[in-house]
Structures are given as structure tokens and as C-alpha cells.
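A short worksheet on the structure shown next.
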There are 4 protein chains.
Amino acid sequence: MSDMNFASDNGGPVPQAVLDAMARANEGYAMAYGSDPLSGAVADRIRTLFEAPDAAVYLVATGTAANSLALATLGQPWQTVFCSRLAHIHEDECNAPEFYSGGAKLTLVGDGDRMTPEALRAAIAGEETRGVHGPQRGPVSITNVTERGNVYSLDEMRALIAVAQEYDLPVHLDGARFANACVALGATPAEMSWKIGVDVAVFGGTKNGLMGVEAVVIFDPARHGAGTADWEFELRRKRAAHLFSKHRYLAAQMDAYLTDDLWRDLATRANASGARLRAGLEAQGVTIENDTTANMLFVSMPRGVHKAVQAKGAIYHCWGDLENGPDDEAVTGRLVCDWSMREDAIDRFVTTVAEAMAEA
Amino acid sequence: MSDMNFASDNGGPVPQAVLDAMARANEGYAMAYGSDPLSGAVADRIRTLFEAPDAAVYLVATGTAANSLALATLGQPWQTVFCSRLAHIHEDECNAPEFYSGGAKLTLVGDGDRMTPEALRAAIAGEETRGVHGPQRGPVSITNVTERGNVYSLDEMRALIAVAQEYDLPVHLDGARFANACVALGATPAEMSWKIGVDVAVFGGTKNGLMGVEAVVIFDPARHGAGTADWEFELRRKRAAHLFSKHRYLAAQMDAYLTDDLWRDLATRANASGARLRAGLEAQGVTIENDTTANMLFVSMPRGVHKAVQAKGAIYHCWGDLENGPDDEAVTGRLVCDWSMREDAIDRFVTTVAEAMAEA
Amino acid sequence: MSDMNFASDNGGPVPQAVLDAMARANEGYAMAYGSDPLSGAVADRIRTLFEAPDAAVYLVATGTAANSLALATLGQPWQTVFCSRLAHIHEDECNAPEFYSGGAKLTLVGDGDRMTPEALRAAIAGEETRGVHGPQRGPVSITNVTERGNVYSLDEMRALIAVAQEYDLPVHLDGARFANACVALGATPAEMSWKIGVDVAVFGGTKNGLMGVEAVVIFDPARHGAGTADWEFELRRKRAAHLFSKHRYLAAQMDAYLTDDLWRDLATRANASGARLRAGLEAQGVTIENDTTANMLFVSMPRGVHKAVQAKGAIYHCWGDLENGPDDEAVTGRLVCDWSMREDAIDRFVTTVAEAMAEA
Amino acid sequence: MSDMNFASDNGGPVPQAVLDAMARANEGYAMAYGSDPLSGAVADRIRTLFEAPDAAVYLVATGTAANSLALATLGQPWQTVFCSRLAHIHEDECNAPEFYSGGAKLTLVGDGDRMTPEALRAAIAGEETRGVHGPQRGPVSITNVTERGNVYSLDEMRALIAVAQEYDLPVHLDGARFANACVALGATPAEMSWKIGVDVAVFGGTKNGLMGVEAVVIFDPARHGAGTADWEFELRRKRAAHLFSKHRYLAAQMDAYLTDDLWRDLATRANASGARLRAGLEAQGVTIENDTTANMLFVSMPRGVHKAVQAKGAIYHCWGDLENGPDDEAVTGRLVCDWSMREDAIDRFVTTVAEAMAEA
């Protein structure tokens, strides 16, 4: 497959260190369902990384599971979750949050990928004005890096969370690209989460080099859930078929991810690729739609240019129809750099774009 | 960890061939969510193995997901699923079938791990006698190898399925130990499934040497589901957060499993270990509760013997309280042999039991 | 329709006093959704009747709604509800408890309509032995009068509730025939409920002369639910479409029911009819299957006798096939007396049975 | 309670004819659960009224139940329902559609109470663009009279339905004020429903003079549902606890409603009251926000005026805070006329408004 592949950060390989850790874990017998020593140690390492010794930590294999289990634990079926209009939990999970929660609603805040405190306050204020008749206010879900490649600053996140706290609503962080955001912000995991008021964070691994592992971190399990959130989460995870019997292979991946800050290294690479790509394209006069960058760019280019560069092997998604419409009409394309993206592939892509623009 | 480990067939390592296949798959970019070539090829290989060119085939990572998605696709929320009293879907999935189905009921057939045609007919006849008021009849779920280590013969399965077909009910096969049953019966996958009337089979890999992969095989997708069962299954899988983005790593495991009949070799080893263990214990006068054997034995031994052998390092689950009660009271223990069980560990275990019995 | 109608206690008319109360309530405007003064007053009257000034009280229109909402509020989706094998919530609600609870399971206790403390303890002890893997223990649901016409004594109820309390499980009382049980036992509503440890009682009206009203009484709302059980119940009721806008017509029915102990009078009549019917039939040598009686009898009579009396106009349900089978085979019939049953109809029925038996 | 009561059309009494019909139905025994002759006859009368001899017809007691059951039968849990931003199913049913459907989503079309074909097409086109990842397109739900008192013309409804049919999506009509719309449009029930392409209509009675009865009319049961929509609907209704045992009292209300076109008379009165109120207020210079009128007005008046007229006994809801804010700021009030509204009460209200405006 072409190495000018910007389709997603779930298309690349995993680092050798992850494979090695899985091979090392593949030794003799281990207790199942997370009772093996490695699983316990990995949970501790995550608590240490997050400076959160009392946090409950769980591994699941997909981001959709992580988000849906977290939101179901934080909320109730008769509530509504506040999220941006472009949130993954709304657009890309085939109603999984609704399924897991038993029928909660999602209230879409604002029009883009980033919520503003004003829009969030207006949305929250607009719900629960009808007593028992309307949906009740539920968790606020924030995604950083957003679905459109933007990075909320810590101050922006704080401002959103302050609104949630005004209404005593719990805060969920969709951290599919948690590491990319940390790197972009120069923040620690604690600074990206509980230190600014996040109640439950997803520490994503799958989009950042793991085969399929996400950690759900519940900072104060006694505050949420029926009884306590940790046991509720465990029951929800099992009932949703997301408790893995051979849990050591999830733990091994996460162990490698935590070792020598691999998670940060991988995100640093991906973000550097994103920056290189941005710089290269901007030098060619391409319009970049997101103003801040981690590892994902939204570019506006003429349809004909998209078609030309894809004909030369570049792989990425466009928003809208590439086949039909005038060649000079602007179409948005999404370019994602995973950790394994090569500089020469980026440079070839930029050159290919430049050539296509010149010919257009 | 002790190698006298009979706790479960999910406690052992995976064969090197599986790790190797995953490493081979870890090359460059691949399309996500099962659109990569390996995932397509593996589905074809499963269709070939099952002699079912029109089957819909899906990979998921846990047996609970496989069973719950299959049953939800075959049934309706207002129906009841017929299964044995000891079925995994009833006892060990924390209400996952109820969750996935939107609230279907389970009707427990008979008293043990094996249903009889008479008990199944009585159970089915007993439901749907109250029109709209009671639960409606739904899928029949059969497990082979059963939860108590027994193997239904093909004739026994045929007889159960004939009852389901009398009432036009679809048949689900929980195949967590599908391979062990095939080996025990000398049957092909097709003979274990559609040739005797199974509508949806789970071809389990996790308990037989994979990290976490099960294939759900829907033999006639046009017969079931809203619209057709294949697209419904895909939507249900995604909505349940069980569609893996980096699907190639599931596919690679399954690919190795299918290559050179690895699945059959692994099960042959596990079953041979079960037979060796059975022979060794019977020679010592231990009562084996299951009359047919694949890779799992239920043994009745005095509490004191269990305590003595566990004190010497043997690891396995007992049904009931080991700590409290007279030493000479019979207690049931479950001994499971996975593919990696060593002959010398079995022999040491038998010797340990013999010594404990002599001292008792 | 024949007045020898023993089909159910939902087949008869409502007392004139109920119609009158509804007509009186039909005056001018009233605030909707239970905010009218009559609705408030009726809730207070129920609190007074139950000697439970802090209880939360809600009206719904069907018994299935009352039971399902109560159980969903008391339990969790990953739990199992303990009830008798013949409980209405299991047999006659088309999976409503599973639907309302989001997929909880029902564990059937014993074999008949009455649980024993031993069977209940065994059932509870048998669940939640598998940690996160199995269903968790949930509410205990008791029905008095039972589905087979028997009446638990207060001591029997106390003994069952003591078992629930051993395990700290909440207790639900399905009171579809609450009034009939009170009359049969000479007990007050408080004695039938919180004084013996019931947490949530259904005070049924529909089977005892109302058009369709049941009161759900939550004795200690702060003990159950997410937050508190009262608000949770209100949200669940609304979400389930059981909050009536013109609530005054439910309240009016219940108001009439409470006035001058109408509820007790109606049940006294129904029970007296049951006793008269029992005495009459026993005098003819008919076997009555239930040993205690409120207003419902299960009689064992030859198929031919059932056919003969039904041919003469008697209406009631039989358990099993009346059409096929030998005339002299015993078949169980269910005879229910509602409040409006006339003595002469009972006597005619007994005579009809006697004649049919003589001719058989 | 004041007779200047415009709070809702669920606050008034029921016509004497309805009470009389219920009293007439209260005679002797009747088979339960809709098997009585009156229930059958009423279903036939509705089929006749709708000129739809093959329709399946069901009575339920609340509009929320009618809508939620209809939508759940027409759609799937992984779909999204298209409705206006102000639809009752979105704003006022505490997530009941999500609950009944097992977690379907609602996609809000446009910004107001009326969808346009363009906005509907854009909304539909915007969903199901992500294959298995996003919600799938589901039913289109139209409300006439809308939540803001407007009446879609038949042509406007046809244009919306044409868009649904382009995408082969079923159409649900929330007919809480079906009769008011028919009267406003001079249309027959058939013209308001299947003749313009509606698949399932709710023929509401509760807001138009009944105690609590809505008819759900499924025009072509073979087209929808698992199996056929009629049996699925019956099972869903029972499972949701909305199958009434003493069904005759629902049927009696509906029978009275159908007799001598009572439903049309009541709506004619309510609409005439709406028109009188509109004319009176407009003569005083009050701004009416809805451009077409059935029985509900949205008026924009200064806060001080609202406060003054409510202080004089008028009862109605305002959108926004009456207590806080400047007296001269415009606030929207909702004025609903039910069938029982008296002309002199309307006139007194108009005078009261005029006086308050003069004093302001």
C-alpha cells in the first residue's frame, strides 16, 4: 500500500517495542480477566503517570467502548450528554453511546468541532427547563484533539469545565488523541485531566501505535455511578463483552506504551509529521482549515487537485463527492499523520500537490 | 506461575505461529475496519473451511460478544432464548445477552449442561402459550463442548435441532470450544454446523490458542435479521464497539489459526491432554463426572485432597468452598487442559493427587 | 355476556362510586400531570392509609407498569430479580421487567407459586458466586395473593423478607391483589408492607374494581435509586410514557377506592365469593388445588366436566387443552371472583358442575 | 380554578358524551385486553373513518406511548429519526423514543417547529454518509398541528413526505392535535394521512376531550416491522405495559369520540376559540408569532403585561423567566384553547390584556 497514506492514524503498523512486549508476555500461564501481575502493574503505572493514586483504571480494546462505558457510568438513560456537533460519539459510533447508556440523548453544542463556554452554557441552560418532561442534564464530553484537528488549550478546556461545574455535571474527556494533545500543549496527563477538572479520561493508545488498547481513568470512583463507579464500570464492561480473558496482551501493549515514554515519543513523531506537512502545504499556498495542529490537517483544495494527487497514490478521505462537480471547486480533505509517517513520504506528497496545483 | 495450571484454557500462551503472523501483518499501512486484504482473505478461508460460500463471516474479540451479537441478530427483545441451565450465556456473561438483545429472556432447559430433545420440546411448548402476554419463542442456543466438559454427538445435536426446527426457531451454536468438539467427534466444521442445521456458529479461537478472536458464521444471511442478517450484524457489532479499527491483527491471528490446520492441531493437543489426565486420574480411582471428554474434566475428590494438591502448586477452580467443611467431603473440581499443557505437568499432577489420596 | 364469568378479576364492571368520582372530577380546568389538588390529596390519603408519612406515592394505569417501574428503580441492569417460577412478572408481562430494567435477569425460585425461605436462600446464594462474570443479586419480588390463588401469611412473608435482608436486597411486593390479601389476612396495608420489611409495594386497584389505577408506594425514597428513588421513579415513569396528562381521572378513581374503605369492601366481596365458590365445589367433591383462598380457585376436574359446564355458559380459563384428550383426564381450571360476582351466579355454577359430574 | 385557563388542552374536562359512553360500557362482564366487542367495533370505526380497511389500529392511553411505539416499530436502534427541532418527541418525552427504540437517535431538522423539504433533504443527506460508523437513516416524524401552533398545509406535508420517499424512509405523523389540523385544513383523516403518504398516524384524543386515548393507525402493516408491524406493535405495546386489561373503557371513550363526529365538533370549537382569541388580541395590537392557527397561539407581549394579566387570574405558560427582567421586554406566552373554552372567558382575557397594555 502506498506510503503516502494519510487516511487515518489507525492504518499504520505498531512499533516493534509493542510486538516485543506482547511476545515477552506470552510466557507460560497467567490468570485471566486482568488478574495477572502485568495487568495490575500496568494499572499502577497509569495511576503514577496521571499522578492519581486513587484512580480506577480499566483497559478496553476500542475507543468506542471506552467512551460509551465512561458516559454510561457517568450518566443516566434519561439525561442528555453535551458534546460538539462533530464529536466522534455523535457522528461515528453508530449510536453506541445511546445503546450503552440505555437511551440517553446527545445535545449538540454549537456548530463546529470546538465548543465555546457560551455555547455550552446556552445548551445546558436550554435543557432541563421542563421538569420531568424533558431530558435531564448529563455529562459534558470534550474531545482533545478535536475531530477537526484542533487542539483546545488548557485554558479553553478549563473554561468549558467551569461551565459544567456550574451545573454540577461530570466531565468526560474523549482522549482518542490524548497523547497528541499532551505533546501539542506541552502538558502532562494530569494537567490534561484531573488538574483541570476532568472526571473520567480516556487515555487512547490505538490511534497512537497500539493494536487496540484504551485506558479509562476514573479519578474519583466514589463520586459517580450506582454505588461506586469502579465496580459499576467493571460490571458494565463485562456485560458489554469488553472484559478480555487474555488480558495480559492488552496490558503488554500498554506496558510498552508507558515504557520510556513511548506514548509521548510516538505522538511527538506524529505531531512533527503534521507540522512538516502543514508547513509544506502552506508554502504551496494550500489553505489549512484548522488553526492549531497536532497530527491532523483539514485542507481546502480544488477537486481537480485532490483527484490528481490521489491518482498518483496519495490516500486520504475527502468530505464530499470527488467524482462529481467542477474541478475547480474547493473540497475539504483530511490528512492524518500517524507515528510511522516518513518524512520522504510527506515531502513527496507536498511535491505531488504542488505539481497538481501547477497543472490545474 | 505453576505449570500444573488447569484453571482454564484462557490462561496459557499463544503459539509462536500466531505471534509470527501478527508480526508479518505489522507491515506498512492497511485500510482500517476490516477493509484490508488480509481480513477479506481470512473471511474467505473460513467460508472455505465451513464449505459455506455464501456465509457471512465476522471476527470479534470475545466469546461473549460473539454469542450476544449472534443471539440479538437471530431474535427479538420480546422473545426467550432456550439454553441449558449451565450455559455460559446464562451463567457467565453478566446479562450480556439480555443487554445486547434489548431485554430478551433466557429459558433454562433441563437441569444440567446438556439439553435433551424431550426437555427442549417441553420448554418450547411451555412458552408462547399466553399469546401477547408471555415471552415469545426465540432462538435455541446449543454449546458444544458443554460447560461441564461433555461433548454432544452429532446425532444428539441433530435431535435437538430437529426440535427447534419443528417450531421454526433459529439455532445458535456457542462454539467457544468448537475445535475441541470437532476433534472429539472427528467432525468437520461443516458437519458440526450447517450440515446438521445450525444457523449461526461461533468458531472460537480464544480458548484454543489465540489472543482474542472468535469468528461468527451466519450461514444464510438472507434468512434472519431486519433486512438481512449480515448488514444488521455489522451495525450491531459497530454499535456495540466491537468493530476493531486495526482489524488486521484479528485477521492475522485467525489466519495463523487456519494455516496448516493449526486450529485442529491445537485442539488435538488439548484433547489429548484431557484424555491423558482422565486416564491418569481414573487409574487412581478418582471419579470423573463428565462421561465424554474433550479437554475439560470435572472431578469429584475429597476436600482434603483438593487442598493438598493445591498446596503443592496445582491451580484450578473448585465448585464450592474449599476452606470450610470436612476434609472427607466430596467437592467438585474443574480441570481444563489448554493446547500448551505439558505431559510431564499432567503426570506430576496425577502423582500429586495419588499422594494426597494416600495420605487422606 | 354470561354472568357465570370467572375468567379474571379484570372482566367485571367498576362500582358506581368510581364512575361518580370521575364525573365529579370532571369539572372545569385542572393542572395536568398530577399537579391538580385531587392528585395531591390522594397521594396523602395513601400515605395515611399506609401509615407512611414519608413515602413517595405514584399512580400508574397498569400493573405491569407498576411492577416494572418499581423493579427498575430498585435494581440495576446487571442484576437478577428473585421471584417465584409462576410470578406474573415472569410469565405474563412479555419481558416488560427486562425492558424497563435495561436487561436484568429473573431468577426463578422453587417450582410453584410460593417461595420458601430455603428456596429463596438457595437461589440467592447460587447467584453472585462468579464475581463480575455472573449476574449480581437484585431485588426480591413477592406476590400476595399469588398467581395460584394462595395467600402468604404475614409470618411467611416475614420469613422471606428476612432472607432478602440477610443479603441486603430490596423487597418488592406485587400487589395486584393487595386488597384481597389484606382481607384474607385481616391485615392493614402497613402490616402487609413496610411493617414486615417491604421496600416498595404496589397497591393494586385494577383487579379490584377500578378502571385502571395502581399506586406504587416507595416507603423510604432516600434508600434506593440513583440520587433518590422518588425523582428517579418520576423520570422513569415519564420516559416510559406512563405519566398521564389528565391525571385527575386516575386520582378520582383512587379517591373513590379509598373513600369509606371501598377497596376493602370490594375485596371482602370478592373473597366472600371465592369462599362461597370453594365451599360449594368442595361439597360436590371437587378438588381445590390452592390450600388458602382469597378470590381465586384452581380446581382439578375431568376434561369432560369442564367442557360440559363451559357449554352451559360458564367462562374461565383452563391450563391445557380442553379440546383434545380423554374426557376423564383431570385438567386444571382457574376460577376468579371479582367484586361484582353474584351469589346466584356462583350457585348456578356449582349446580352446573354438580350436574356435569353426575353425567360424567 | 380560573376559567381564563390557556395552560394546555389537557387541562379541561371531558364532554358528557364521553362520560356517558364509559358508563354505558360499564355493564356486566367483558373480555379483557381488547377482546371485548366494543374494542373490536371501535377499531372498525377507525378503519372506516380513515377509509383504510386493511389498517391495523391500536389504542393506547398517552401520546408519548403512541409516538414511541410507532417509531420503535418503524425504525431500528441504530437509526436516527428526523424531526423538527421543537418536536414533542424531542423536547417533551424525557427520552421515551430513545428508550422504546433501544437507543435510536433523533436528528433535528432546521431551527423552528416546521421542517422544510430543503432542510429535511439536507438532514437526511447528511446522515448515513459514513457507512457502518454513523447512525443509519430512519423514520421521518411530522407533527401537525406543530408545537408552535402552526398548521402544515396538505401540500407542505406532501412535499416533506416526498423527500422521505426519495430515501425510502417511513413517515410517522404525531397527531396529538390531529383533529385540530383536520378542521383547520378542511381535510378528512384519510387526506391527512395515507392519501399523502403517511405510514403510521396517531389519531389523538387526549388533547381533544378524551380522558386519555390515542389511536395508532398503521396503514400497511405488512410493510414494516420484524415479521409484520401489527404483531410487532402488539408485542411492543404489551412489553411497554400499555396494553390495558379493562380495554373497554378506552374503547368507550373512542367510541363516543367517533359518534356523530364528536372529534370534529370538539376540534371545531377549540379552533374557533383560537380564532376568536387571535382576532381579539390582534385588535389590541398584540403580536401573534404563529402565522396559521388552529387552537394554539404564541403571543409576544411585554413581561409586565404577562405579569398583570396572570395576576388577574389568567393561566398560561411563558417561555422564559417572568419574575426577572425588565417589564418592557418582550416575552413569549403560549395560549391554548381546549374544546371547553368559553367565549366570555376569551373576551375577558382580551379585555384584561388590553387594560394591562394600557397601564404599561
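The numbers here are math on the coordinates, done by the rules we state, and not lab data. Note that the structure is predicted; figures quoted are calculated from it, not measured. Cβ sites come from the backbone with ideal geometry, for glycine too, and all protein chains shown count toward neighbours.
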| task | Quick one: of D:LYS105/D:LYS207; A:LYS195/A:LYS238; A:LYS105/D:LYS105; B:LYS105/C:LYS238; C:LYS207/D:LYS207, which pairs are farther than 18 Å apart, Cα to Cα? | result | D:LYS105/D:LYS207; A:LYS195/A:LYS238; B:LYS105/C:LYS238; C:LYS207/D:LYS207
| Where a ≥ b ≥ c are the square roots of the eigenvalues of the C-alpha gyration tensor, would you call region B:1-115 rounded, which needs a/c under 1.5, or, failing that, prolate if a/b is larger than b/c, or oblate? | oblate
| field | Shielding of D:229-235 by partner chains, average beta-carbon count, 10 Å | value | 3
| message | Show me the chymotrypsin sites (Phe, Trp or Tyr not before Pro) within region C:119-222 that DSSP assigns to loop and that have at most 16 other Cβ atoms within 10 Å of their Cβ. | response | C:TYR167
| By Cβ position, which chain B residue lies least far from the axis that rotates chain B onto chain D, and what is the distance to the nearest whole angstrom? | B:GLY102, 2
| said: Tell me the volume per residue, in Å³, of the convex hull enclosing the alpha carbons of region C:45-201. | reply: 106 Å³
| task | For region D:1-51, take the alpha-carbon Rg, divide it by the Kirkwood Rh, and send me Rg/Rh. | result | 1.13
| query | For region C:185-253, what is the relative contact order in percent, using Cα pairs closer than 8 Å and at least 6 residues apart in sequence? | reply | 20 percent
| request: Provide a whole-number value for the mean count of partner chain Cβ atoms within 10 Å of the Cβ atoms in peptide C:132-140. | output: 5
| Point-to-point label distance, C:ALA162-D:SER300, nm (Cα→Cβ direction, 7 Å offset) | 7.2 nm
| Hey, any idea what Rg/Rh is for region B:267-359, computing Rh the Kirkwood way over Cα pairs? | 0.94
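With +1 on each Lys and Arg Cβ and -1 on each Asp and Glu Cβ, how big is the dipole of region C:16-262 about its Cα centre, in debye rounded to the nearest 20?
My answer is approximately 420 debye.
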| query | Expressed as a whole number of Å, what is the distance separating the alpha-carbon centroids of region B:159-237 and region A:37-55? | reply | 39 Å
| task | Compute log10 of I(q)/I(0) for chain B with the Debye formula, placing one identical point scatterer on every Cα and leaving out solvent, at q = 0.10, 0.15 Å⁻¹, to two decimals. | result | -0.63, -1.27
| task | Work out the length of the dipole vector of region B:267-359 about its Cα centre, built from +1 on the beta-carbon of each Lys and Arg and -1 on the beta-carbon of each Asp and Glu, and round it to the nearest 20 debye. | result | 360 debye
| For the residue pair D:THR259 and A:ALA41, what label-to-label distance in nm results when each label sits 7 Å from Cα along the Cα-to-beta-carbon direction? | 8.3 nm
| field | Cut-off 17 Å (backbone N to label point 7 Å along Cα→Cβ of A:ALA360), residues of region A:273-297 | value | A:278-290, A:297
| How far is A:GLU355 from the same spot in each other copy, in nm, shortest first, if each label point sits 7 Å from Cα toward Cβ? | 7.5, 8.6, 10.4
| request: Along each of the three principal axes of the Cα atoms of the protein assembly as shown, give the extent in whole Å, ordering the values from largest to smallest. | output: 85, 84, 53
| field | Shielding by partners - mean other protein chain Cβ count within 10 Å, residues of B:158-169 | value | 0
| task | Please report C:HIS172, B:HIS133 as a ranked list, fewest other C-beta atoms within 10 angstrom at the top and most at the bottom. | result | B:HIS133, C:HIS172
| Gyration tensor over alpha-carbon atoms, region B:168-325, equivalent ellipsoid semi-axes in Å | 36, 18, 17
| Label-to-label distance, nm, for residues given as A:THR292 and C:SER153 (7 Å Cα→Cβ offset) | 7.3 nm
| query | Over chain A, what is the relative contact order in whole percent, taking alpha-carbon pairs under 8 Å and six or more residues apart? | reply | 24 percent
| query | Given springs between every Cα pair under 10 Å in a Gaussian network model of chain B, which of B:LEU169, B:LEU322, B:LEU250 has the largest fluctuation? | reply | B:LEU322
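Semi-axes of region D:168-256's equivalent ellipsoid from the Cα gyration tensor, sqrt of 5 times each eigenvalue, largest first, rounded to whole Å?
On the way: eigenvalues 93, 85, 16 Å².
Equivalent ellipsoid semi-axes, largest first: 22, 21, 9 Å.
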| Quick one: label points 7 angstrom along Cα→Cβ at B:GLN16, distances to the other copies in nm, smallest first? | 1.9, 9.5, 9.7
| Efficiency of FRET between C:ASP328 and C:THR116 - r from beta-carbon atoms, R0 41 angstrom, step 0.05 | 0.75
| From the square roots a ≥ b ≥ c of the eigenvalues of the alpha-carbon gyration tensor of region C:91-147, which class results: rounded (a/c under 1.5), prolate (a/b over b/c), or oblate? | oblate
| Choice from A:ASN150, A:ASN208, A:ASN324 showing the highest fluctuation, given a GNM over chain A with Cα pairs closer than 10 Å | A:ASN324
